[in-house]
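Worksheet: one structure, shown below.
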Amino acid sequence: MTKINLDCLNLIINELRTDKNSLYSCLLVNKEWCNLVVLILWKNHSFRIKDMAEREKKLYTTILSCLPSSSKNLLSNNNIKLPSTILLKSPLFNYISVCEFPKAEIIGKIVEILFEEELGNYERNILEQEIYKLFVSQCKGIKELCWDTSQPLPLFPGALTCFSQLHSLHIDVNIVSSNDLNEMARICKSLNKLAISNFSQDLPGLISLIDAQSNLESVSLYPDIKGTCEELSKALARKGTTINDLHLGPIGAIPPSFLTSLIKLKNITIYDSDNIRDEIKDFQHHLAISEFPDLQTITIVGLSCFKELAILIEKTNGNISYISIYTYNRSAENTGMLIKAIANKCPKIKCLPIYLVSNDFIHIKSLLLNCRNLEDIKFYGLDFVNDDDNIGDELLDILTKFSPNSLTKILISGGWKYSIDAFERFFESCRERTL
């Protein structure tokens with residue numbers, strides 16, 4: 001029987017990487033197949049065991065069995081007794097080298113599930129340290145990291161080869177120290193995505209990490225609502241020619257002056273509670289004076305800034321295809337101004353929620369005529385309703401006469417009244433479309 005070339009076999013088996021049952025069958029063919037399949041299983045399924053306590057225990061036992069003898073001796077010298085199920089010799093395969101880098105949650109579960117007696121803080125810290133050292137030394141060129149531990153990861157042996165190719169990094173700065181961030185800045189210089197959470201003040205190490213990046217494209221910022229991060233704002237401004245994706249919320253800790261520097265921005269997402277405060281007004285001002293000509297998507301949750309968004313959209317190049325807005329403010333103003341801006345500058349828009357009052361119905365005609373790619377539109381009424389007037393007929397008639405054929409999802413939420421005749425005209429116009 002002719003043997004399959006190992007490279008070809010690897011490609012074939014990789015096609016089964018999501019099919020665990022088939023991979024288990026392949027394990028039993030011969031040693032060569034087993035060598036390939038084991039690593040694929042560990043790479044794609046190692047930490048994806050749910051509601052299987054016994055399997056989890058076996059998995060974590062195998063991980064601890066991979067600890068080098070120096071780590072096992074250190075644990076023993078500190079009265080940390082490894083479970084009796086831990087293998088005395090190293091496993092046949094270098095499982096750790098193909099695992100994804102574990103989150104702190106996984107490390108915590110290893111400790112909790114395998115150690116029946118509760119460890120003191122000192123002993124637990126040493127155990128977690130040795131587990132992290134194991135992964136840092138064996139995992140080469142990882143692409144994603146969720147850094148949510150106080151362990152000094154960039155100081156462990158092998159950190160350079162482990163973290164130098166990071167593309168995506170999420171940091172909980174409430175846990176990670178500024179000094180460790182500074183060390184990571186020496187190693188990691190190729191981030192495309194950076195997420196930062198739980199911060200309220202400037203950290204020199206974080207600023208160094210941002211400045212070290214050559215092509216930072218996506219930034220997600222989740223600060224505390226109170227604080228002052230002026231240096232962080234300046235650092236983000238210095239990356240204004242590369243950042244094209246921004247997530248921010250809540251507003252407050254970071255001065256919004258950096259917004260005007262993000263000239264390449266394509267996607268913006270803002271979350272806030274919409275409480276009236278000085279920070280909100282300052283953010284609205286900088287949003288209005290910013291220019292994002294290449295903007296493609298806008299998501300605003302909780303913040304009333306219809307006027308500022310209208311001004312911003314008028315300065316774009318017509319590439320916006322998605323807008324999502326949700327506000328808690330039932331007295332929001334300038335809704336018509338925003339609808340006109342979308343009609344003028346967003347011919348590619350496909351999905352659109354609109355807040356409006358009945359006086360804004362007049363702008364819906366131009367919106368439907370100019371935005372012929374619309375597939376999904378939602379109307380949220382802000383009016384105080386007059387029960388004696390079928391004021392909603394005007395909106396239904398505009399939809400009847402001017403809706404593009406692509407528009408198949410329509411939601412109208414408001415207290416407007418409608419006549420039966422208006423509904424009949426509207427549904428008759430929909431015969432050619434599947435709503």
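The values are calculated or read from the model by the stated rules, or taken from the named source; none is laboratory data. Computed from a predicted model, the values in this text were never measured in an experiment. Note: ideal-geometry Cβ built from the backbone for every residue, glycine included; neighbour counts use all protein chains shown. Heavy atoms of the whole protein, side chains included, go into the accessibility calculation; ligands, DNA and RNA do not. Shrake-Rupley method; radii C 1.70, N 1.55, O 1.52, S 1.80 Å.
Summary of values
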| quantity | calculated |
| --- | --- |
| Proximal charge balance of Glu123 [Cβ under 13 Å; K/R count +1, D/E count -1] | -2 |
| About the Cα centre, charge dipole magnitude for the chain (Lys/Arg +1, Asp/Glu -1 at Cβ), debye | 1700 |
| Computed label-point distance, nm, for sites Lys401 and Lys193 using a 7 Å Cα→Cβ extension | 4.7 |
| Length-normalised contact order for the chain - Cα pairs under 8 Å, 6+ apart - percent | 6 |
| Selected from Asn390, Cys346, Ile412, residue furthest toward positive end of dipole (region 339-432; charges at beta carbon) | Cys346 |
| Separation between Cα centres of region 75-111 and region 134-203, rounded to whole Å | 21 |
| Low-density loop positions, chymotrypsin sites (Phe, Trp or Tyr not before Pro), region 336-432 - DSSP coil, at most 10 other Cβ in 10 Å | Phe384 |
| For the chain, the longest site-free run once GluC sites (Glu not before Pro) in DSSP loop states with at most 11 other Cβ atoms within 10 Å are removed | 119-431 |
| Förster radius 56 Å - calculated FRET efficiency between Arg277 and Leu92, Cβ distance, rounded to 0.05 | 0.35 |
| Shape call, region 91-194: gyration tensor on alpha carbons, a/c limit 1.5 | oblate |
| Surface accessible to a 1.4 Å probe, per residue, for the residues of the chain, Å² | 51 |
| Estimated distance in nm for a label pair at Tyr328 and Glu144, the labels positioned 7 Å out from Cα along Cα-to-Cβ | 3.1 |
| Cα long-axis angle, helix 53-65 against the chain (0 to 90 degrees, to the nearest 10) | 60 |
| Gaussian network model of the chain, springs between alpha carbon atoms under 10 Å - residue of Gly158, Gly415, Gly141 with greatest fluctuation | Gly415 |
| For Leu160, net neighbour charge (Lys/Arg +1, Asp/Glu -1) across residues whose Cβ lies under 11 Å away | +1 |
| Percent accessible area from carbon and sulfur atoms, the chain, protein chains only, probe 1.4 Å | 49 |
| Alpha-carbon centroids, region 358-435 and region 252-270: separation in whole Å | 34 |
| Long-range amide H partners of Gly414 with built H, under 5 Å | Gly381 |
| Calculated [θ] (222 nm, deg cm²/dmol) that DSSP helices of n ≥ 4 give over the chain, each run adding -39,500 (n - 2.57) | -12000 deg cm²/dmol |
| Most mobile of Lys20, Lys189, Lys31 in a GNM of the chain (Cα contacts under 10 Å) | Lys31 |
| Those residues of region 298-341 whose amide nitrogen sits under 13 Å from the label point placed on Asn359, 7 Å along Cα→Cβ | 332-337 |
| By average C-beta atoms within 10 angstrom, highest first, the peptides 91-97, 320-326 | 320-326, 91-97 |
| Low-density loop cleavage sites - trypsin sites (Lys or Arg not before Pro) in region 347-435, where at most 10 other Cβ are within 10 Å (DSSP) | Arg431 |
| Cα-Cα separations in region 312-400 greater than 22 Å, expressed as whole percent | 25 |
| Virtual spin-label span in nm between Leu27 and Asp421, 7 Å along Cα→Cβ | 7.4 |
